[in-house]
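A.B. asks: One structure coming up, written as structure tokens, with questions to follow.
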Amino acid sequence: MNDKITIRKATEKDIPFLREAIKEAEKSGTEKISYCTLFSINDEKLDEIIFQVLMEDIEGQELCVSHFLIAEVDNQYAGACSAWVEAIDGSFSSIIKANILFYFLGDKICTRAADNLKLMEDINIAREKNAIQIESVYVKEQYRGLGIANQIIQEQINQLSNTNKSVNKVQIILAKTNDKAYKAYQKLGFKTTIEKHSNKPEIEKLLPSNSRIMMEMPVHKTF
Amino acid sequence: METNIIEKLNITFRKVFKDPQIKVYPEMTANDVEKWDSITHVVLIAEIEKDFNIKFKLKELIAMKNVGDCIRIVKEKLEN
């Protein structure tokens, strides 16, 4: 089965699948999509926003077509993963993403969401400059168990570490309750470096989990 | 013009970050202000738009790597 898996760079044509990947990865196995809960927007509006953001292809943050690799099995979509090197041009992904969401959602929705966003301060984990960031890891249900996520992540690490000399580690942020993902990343060599928990009961209404962790792995360069 | 923008930005920054001592300078980035995170950034951009009566384009927001870029973009918008 493994020989039928191919990995390639995503293009604009893949946007509908990338949108599925972003939303499903965001849910972390629950039914909560934080973009909808935090900004009080419905699924239709979120689809529209993700489409618009992906069309802009803004680098340095996860919602960027150029940062995605896609895995296919027999020419069918099987999985996706976004990765980039943090703050390579000086701007941190959190600020770039804040700019994007502000622009597409508008100041009214963003200002209204400020209280919800403040609740997240306790579990906010900062990404490190020059570290490879892995986000939106998604494998369609029928293709799980084939090692596809591992292959895409590894390919992202290889590509980014070979083209960016300053890179020496990989980071991934996930909900603590996402056991399957946690174990898979552990197998790949990731270790937990930061764990944050919120005692605020409102958090559970907004996010898949009230705990978040950062896992890290050193990059072993192949050149 | 630039001095006026800086003075006005100082007022906006002091209001957003609730710090009466804060003074902006061209090289200043989010890393230089403790409370400048993604949440306060959104509030900051909204307040700058309101205080200067301007609307940023997406490419202008993305091009702002520091306060100096912001001053330059605000100046361009006010001149046009």
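A.B. asks: All but one of (1) within 26 Å of residue A:53 (Cβ to Cβ); (2) within 14 Å of chain A (Cβ to nearest Cβ) hold for residue B:27; state the number of the condition that does not hold.
C.D. replies: Unmet condition: (1).
A.B. asks: Restricting to the range A:133-151, name every residue that is among the β-branched types (Val, Ile, Thr) and more than 11 Å from residue A:85 (Cα to Cα).
C.D. replies: Within the range A:133-151, the first condition is being among the β-branched types (Val, Ile, Thr), and the residues that meet it are A:134, A:137, A:139, A:148.
Residues satisfying the conditions are A:137, A:139, A:148.
A.B. asks: Against the conditions (1) surrounded by 14 or more Cβ atoms within 10 Å (Cβ to Cβ); (2) within 14 Å of another protein chain (Cβ to nearest Cβ); (3) small (Gly, Ala, Ser), where does residue A:90 fall short? Just the number, please.
C.D. replies: Every condition holds for residue A:90 apart from (1).
A.B. asks: Regarding the range A:81-91, can at least one residue be identified that is touching a residue at least 40 places away in the same chain (Cβ under 8 Å), of a type outside the set (S, T, N, Q) and more than 23 Å from residue B:37 (Cβ to Cβ)? Explain how you work it out, then say what you get.
C.D. replies: Step one: filter the range A:81-91 for residues touching a residue at least 40 places away in the same chain (Cβ under 8 Å), giving A:81-88.
The next check asks that each one be of a type outside the set (S, T, N, Q); those that pass are A:81, A:83-88.
Subsequent filtering for residues that are more than 23 Å from residue B:37 (Cβ to Cβ) retains A:81.
Among the residues of the range A:81-91, at least one is touching a residue at least 40 places away in the same chain (Cβ under 8 Å), of a type outside the set (S, T, N, Q) and more than 23 Å from residue B:37 (Cβ to Cβ), which makes the answer yes.
A.B. asks: Got a sec? Which strands (runs of 3 or more DSSP E) wholly within the range A:149-223 have at least 3 residues that are closer than 28 Å to residue A:120 by Cα and among the charged types (D, E, K, R)?
C.D. replies: Numbers: elements: A:169-175, A:191-197, A:211-218.
Those strands (runs of 3 or more DSSP E) span A:191-197.
A.B. asks: Residue A:154 passes all but one of (1) modelled with pLDDT of 95 or more; (2) over 17 Å from residue A:81 (Cβ atoms); which number fails?
C.D. replies: Going through the list (1) modelled with pLDDT of 95 or more; (2) over 17 Å from residue A:81 (Cβ atoms), residue A:154 breaks only (2).
A.B. asks: So, of the residues in the range B:35-75 that are in contact with a helix residue (DSSP H, G or I) (Cβ under 8 Å, 6 or more places away or on another chain) and of a type in the set (S, T, N, Q), which turns out to be nearest to the other protein chains (Cβ to nearest Cβ)?
C.D. replies: If we take residues in the range B:35-75 being in contact with a helix residue (DSSP H, G or I) (Cβ under 8 Å, 6 or more places away or on another chain) and of a type in the set (S, T, N, Q), then B:38 is nearest to the other protein chains (Cβ to nearest Cβ).
A.B. asks: List the helices (runs of 4 or more DSSP H) that sit entirely inside the range A:1-118 and contain at least 3 residues that are over 13 Å from the mean Cα position of the chain (by Cα) and farther than 20 Å from residue A:207 by Cβ. I'd like the intermediate steps shown before the answer.
C.D. replies: Working: elements: A:15-27, A:34-39, A:43-56, A:93-105.
Passing ranges, in order: A:15-27, A:43-56, A:93-105.
A.B. asks: Is it the case that the range A:178-199 has a residue that's closer than 24 Å to residue A:18 by Cα, hydrophobic (A, V, I, L, M, F, W, C) and within 14 Å of chain B (Cβ to nearest Cβ)?
C.D. replies: Within the range A:178-199, none of the residues are closer than 24 Å to residue A:18 by Cα, hydrophobic (A, V, I, L, M, F, W, C) and within 14 Å of chain B (Cβ to nearest Cβ).
A.B. asks: Also, I was wondering about something else. Look through the range A:98-128, keep the residues that are buried (at least 18 other Cβ atoms within 10 Å of the Cβ), within 29 Å of residue A:192 (Cα to Cα) and within 7 Å of chain B (Cβ to nearest Cβ), and return whichever of them is modelled with the lowest pLDDT.
C.D. replies: A:117
A.B. asks: Can you pull out the residues in the range B:9-22 that are in contact with a helix residue (DSSP H, G or I) (Cβ under 6 Å, 6 or more places away or on another chain) and over 21 Å from residue A:124 (Cα atoms)? If you could, list the steps in order and put the result at the bottom.
C.D. replies: Taking the range B:9-22 as the starting set, the residues that turn out to be in contact with a helix residue (DSSP H, G or I) (Cβ under 6 Å, 6 or more places away or on another chain) are B:12, B:16, B:20, B:22.
Within the range B:9-22, B:12, B:20, B:22 meet the criteria.
A.B. asks: What helices (runs of 4 or more DSSP H), lying completely within the range B:14-80, carry at least 3 residues that are free of Cβ contacts under 8 Å to residues at least 24 places away in the same chain and surrounded by fewer than 18 Cβ atoms within 10 Å (Cβ to Cβ)?
C.D. replies: Values: elements: B:38-52, B:58-63, B:67-79.
Output list reads B:58-63, B:67-79.
A.B. asks: Right, next: So which residues in the range A:121-153 are touching a Lys or Arg at 6+ places or on another chain (Cβ under 6 Å) and farther than 21 Å from residue A:64 by Cα, if there are any at all?
C.D. replies: A:123
The values are calculated or read from the model by the stated rules, or taken from the named source; none is laboratory data. Note that the structure is a prediction, hence the values are computed from the model and not measured. Reconstructed Cβ throughout: ideal geometry from the backbone, glycine too, with neighbour counts over all protein chains shown.
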